[in-house]
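To start, the structure itself, in structure tokens.
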Amino acid sequence: MHAADLRKFGWPCGYCGQLTILSPGGDGVTVDVRSSEGPGCASFAAHRSCLADRLDPDFNGDRARVKAVGRNQPLPPAIGNQSS
Ligand SMILES: [Zn+2]
């Protein structure tokens, strides 16, 4: 089995541990972790909903962006332009 095939079936979600599908139409996203202190990147897969649910409720705009990233729809306004 090739890695590309595996990707089609899914990866364990970094939050809930259930498989999430990263291929088009799936419910998963890749979360990249970076630091301003230097190079390097860690990444893991997660359900959009798991990631969005763990953001602070004040981060409504970011939650919406998590759910919209990579999809063919306009992104909502960024931070600082929320109606709450
Ligand atoms: Zn999950």
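Read-outs: derived from the displayed coordinates by stated rules, not from any lab. Since we're looking at a predicted model, the values are computed, not measured. Methodologically, a virtual Cβ is constructed for each residue, glycine included, from the backbone with ideal geometry; neighbour enumeration extends over all protein chains shown.
Overall shape: oblate for the stretch 3-68, with the ratio a/c of the largest to smallest alpha carbon gyration tensor axis at 1.5 or above and b/c at least equal to a/b.
Remark on Ala45: its backbone amide H falls under 5 Å from those of Gly14, Val31, a criterion applied only to residues 5 or more positions apart or on other chains, H modelled at 1.01 Å from N.
From least to most packed, judged by other beta carbons within 10 angstrom and beginning with the fewest, Leu51, Leu19 follow the order Leu19, Leu51.
Going by how many other Cβ atoms sit within 10 Å of their own, how do Arg71, Arg48 line up, fewest first?
If I rank by nearby Cβ atoms, fewest first, I get Arg71, Arg48.
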